[in-house]
Amino acid sequence: VTRRPHPRTARRPAPATRRPAPATRRRTRFTRTAPSNVVLAVLMCAALAAGAVFGSRWYDDRMLERTHQQALAAAKQITVNFVSVSASSVDRDLQRIADGATGDFYDEFARGRPQVRAAIVENNVESRGTVLRAALVSGDRHSAVVLVAVDATVRNAKAPDGRASHYRIQVDVTHDAGSGRWLVSRLQFVG
Amino acid sequence: MPKLKWPRLRMRRGGAACVAVLALGLAVAGAGWYQHEQARQRDVAVRQSLAAATAAAQAIFSYDYRSFDTSVANGRAFATGQFADEYAKTTAALKPQAVSEQAIVRAAVSASGVVTARPQRVELLLYLNQYRRNTNVTGEKVDQNRVVLTMVPVKEAWLVSHAVAI
């Protein structure tokens, strides 16, 4: 700030003739505004850098939040599917569960599927589930652990009027990179 | 004169563009910082409330007829606001029965997760077992509950402001 007045006062007497005046004026303007231009450019770069850094953090937070919501939504849907089976639509219901499964859960389900099917048909089971609450235990971009509190009304040969069941389920969900879907890799009833 | 105006105009335009980019960068940085700070505070809230919830739920949902008042005082320490009053009322009404039945209820948390989270309010889902002993049951009976706890920060500690079994 203290250095500025010097070149100004030093250069002011320079334009003696009228003709070079525009050029000199132009040059003077350029040299005069140069420092502020540099400061502006530096500030601009700093603002852009800050914008990039904090903007990307914001973006990452949003992406993680979205990922958690997707994991929760998938966990809810697949858990409801798991407790909603009906003798009249048994094959479609079981296939829907298999479609949402992967890994160990898929293998276990596939192994037990014939017996499950037989039991549903034999007892004329009709079960409808609803999610009361879903909660995230932990999660990152690729996997999550979710608690799903589910109630179901189960009708079967022994209880034709239906019986209310209260479940405490915990599922591990994994993001399937191929399909982009979240699938259940583990399902357990918490004791 | 037009020859003179031209560079000035260019300079002004360049300057204006610079200032606009500067303002945009600052705006994005400010908004990003604020949002990230919110997310960070939410993470802290989740961590602290989850850590506090297990002890809180165990204290609130446990009691022993031999030291009923101590049990209740212990539970009361984890409650805040209207829920604290509600808890005091409920437990006071429960005491005669608990003593006559010689009831001992021990609560244990099997799992806990986050339903919703904000920096000043976290809703948690807990799978809570209550192991009950009294004169009406032989041995021990287990109730498998699902409890939703609403937790709020009060002077550095996270306390229960609402609890409901679902």
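The values are calculated or read from the model by the stated rules, or taken from the named source; none is laboratory data. In this text the structure is predicted, and so the values were computed from the model without any measurement. So basically every Cβ, Gly included, is an ideal-geometry build from the backbone, and we count neighbours across all protein chains shown.
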In region A:142-162, which residue that is surrounded by 13 or more Cβ atoms within 10 Å (Cβ to Cβ) and of a type in the set (D, E, K, R) is farthest from B:Tyr127 (Cα to Cα)?
-> A:Arg155
When (1) within 14 Å of chain B (Cβ to nearest Cβ); (2) surrounded by 11 or more Cβ atoms within 10 Å (Cβ to Cβ); (3) modelled with pLDDT of 85 or more are applied to A:Phe30, the one that fails is (3)
Regarding A:Arg117, is this residue closer than 20 Å to A:Ala152 by Cβ and without any contact (Cβ under 8 Å) to a residue 24 or more places away in the chain?
-> no
For region A:132-171, what are the residues that are in a strand (DSSP E or B), without any contact (Cβ under 8 Å) to a residue 40 or more places away in the chain and more than 16 Å from the chain's Cα centre (by Cα)?
-> A:Leu132, A:Arg133, A:Ala149, A:Asp151, A:Thr153, A:Val154, A:Arg155, A:Arg163, A:Ala164, A:His166, A:Arg168, A:Gln170
Go through (1) modelled with pLDDT of 90 or more; (2) in a helix (DSSP H, G or I); (3) not β-branched (Val, Ile, Thr) one by one and return the number of the condition A:Gly51 breaks.
-> (1)
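Per-residue answers, yes or no, for (1) under 20 Å from B:Arg146 (Cα atoms); (2) out of contact with any Lys or Arg (no Cβ under 9 Å at 6 or more places or on another chain); (3) at pLDDT 90 or above:
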site: B:Leu4; (1), (2), (3): no, no, no
site: B:Ala17; (1), (2), (3): no, yes, no
site: B:Gly25; (1), (2), (3): no, yes, no
site: B:Ala29; (1), (2), (3): no, yes, no
site: B:Val44; (1), (2), (3): no, yes, yes
site: B:Ala56; (1), (2), (3): yes, yes, yes
site: B:Glu86; (1), (2), (3): yes, yes, yes
site: B:Val109; (1), (2), (3): yes, yes, yes
How many of the residues making up region A:42-72 are farther than 14 Å from A:His175 by Cα, of a type in the set (Gly, Ala, Ser) and either touching a residue at least 40 places away in the same chain (Cβ under 8 Å) or within 7 Å of chain B (Cβ to nearest Cβ) (or both)?
-> 4
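From the list A:Arg113, A:Arg128, which residue is surrounded by fewer than 16 Cβ atoms within 10 Å (Cβ to Cβ), away from chain B (no Cβ under 14 Å) and in a strand (DSSP E or B)?
Numbers: A:Arg113 fails: in a strand (DSSP E or B).
Result of the check over A:Arg113, A:Arg128: A:Arg128.
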In region B:69-83, what count of residues is obtained for those that are free of Cβ contacts under 8 Å to residues at least 40 places away in the same chain and surrounded by fewer than 19 Cβ atoms within 10 Å (Cβ to Cβ)?
-> 6
Evaluate the following for B:Val109: is it in contact with a helix residue (DSSP H, G or I) (Cβ under 8 Å, 6 or more places away or on another chain) and closer than 19 Å to A:His166 by Cβ?
-> yes
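Given the structure, is B:Thr116 surrounded by fewer than 18 Cβ atoms within 10 Å (Cβ to Cβ), among the polar types (S, T, N, Q) and under 30 Å from A:Asp172 (Cα atoms)?
yes
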Hey, among the residues in region A:131-159 that are polar (S, T, N, Q) and more than 29 Å from A:Ala87 (Cβ to Cβ), which one's nearest to the other protein chains (Cβ to nearest Cβ)?
-> A:Ser138
With respect to B:Leu9, is the statement that it is modelled with pLDDT under 90 and facing chain A (nearest Cβ under 8 Å) true?
-> no
Does region A:109-117 contain any residue that is aliphatic (A, V, I, L, M) and either touching a strand residue (DSSP E or B) at 6+ places or on another chain (Cβ under 9 Å) or farther than 17 Å from A:Val90 by Cβ (or both)?
-> yes
Based on what the data block shows, is A:Asp93 farther than 30 Å from B:Tyr34 by Cα and surrounded by 14 or more Cβ atoms within 10 Å (Cβ to Cβ)?
-> yes
